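**Student:** Supplied in structure tokens, the structure appears directly below.
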Amino acid sequence: MRRKLIHALLLSVGVAFFIKLLLEYDLDAIWSDLCRMGVSFGWILLLWLLVLGLDTFTWRHTFGDLGHRVPCLGLVWITAAGQAINGVAPSGNLGEIVKGKYLAEYIDPSDSISSLVLFNYLHLMGSVLLIALGAFLSLLLPSVPGALSAVLIGISVMLLGVVALLFFVSGKGLAEKSIRLFRRLRIPLKKTDEIIAGARRVDKKLREYYCQSTADFWIAVAGQVASRLVSVVEIYTICLLLRRPISFLAALLVMSASQLIAWLFAVVPGQIGIMEQGSDKLFTAMGFQPGVGFAFELVRRGRRLTQIAFGLLALALLGLRSSAPAPEEVVRDGI
């Protein structure tokens, strides 16, 4: 109950930020900017579909020798459904449970969990690499305040350290050690022994993947970096279509700052109001007039809503497929 109240409070704060921006700016001017987008919004949707494809490609290459068991189209639906839940859930990661549930229909649960651990690590790695690149290259942009570049560089260095540490410990029994740490801290867990046994299997799968699927690992890394770069292209394209063009380096900076804001305020459902406020402040700091960042983020908000709608549709299709009787059951019932 307390958690729901906290989430409701955070959502209220985000909505308040959103309403504040609506009241501050000339809505006719913002609407005029959005109207310039028109049917060109389709290009933004195409870029999102490309990101979805690259994320699915990356995830598929974390299965090792089990990739042939999972149909490509089915994996696209699972990925889209998981991303939709992540987009609306307060923690931003409940979609991983959805993905694990439906992936377990094709492969063993321990393989499913290990692939999710690997995918999320690769997603973190790709994001951090682009954040660091954007932070350091922001020094080349005269319109970016030096203090902002310094903060981004400091944060990116810390994140690179976290990525390196996770890579080192992921093959050292991290899952099992984490569960044992929870038990020592007296964090209540049900069926602890079974959870530890499952964690041990996940650790074994991770070690086997790193040792036996080196090529798949680096292909997945390339896929996730490409996915993050397409997100930068999306930012560049939105600004171009709004007739507020920026350089690719500036788009990279916007992506870096946006990702950090999303992580910092992950507990706010959908980061509503937070992303709009953050983007508006960032674009203003880059020399644009107030309101440009708000219009920019409204376009991205429209793309996210489309993404969520598509993902929820995919989730419904997955649910219908799971509830349908298997062919052998139909034959048996007929007999």
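All of the numbers you see were taken from the coordinates with simple rules; none came from a lab. In this text the structure is predicted, and so the values were computed from the model without any measurement. Every residue, glycine as well, gets a Cβ built from its backbone with ideal geometry; the counts of neighbours run over all protein chains shown.
**Student:** With a Förster radius of 22 Å, plug the Cβ-Cβ distance of A147 and D26 into 1/(1 + (r/R0)^6) and report the FRET value to the nearest 0.05.
**Tutor:** In this case the efficiency is close to 0.15.
**Student:** What is the calculated FRET efficiency for V13 to H68, with r their C-beta to C-beta distance and R₀ = 51 Å, to the nearest 0.05?
**Tutor:** 0.60
**Student:** Give the distance, in whole Å, between the Cα centre of region 213-276 and the Cα centre of region 53-130.
**Tutor:** So the two Cα centres are separated by 19 Å.
**Student:** Go through S143, L298, S40 and say which Cα lies farthest out towards the positive end of the charge dipole of region 37-325; charges sit on Cβ, +1 for Lys and Arg, -1 for Asp and Glu.
**Tutor:** L298
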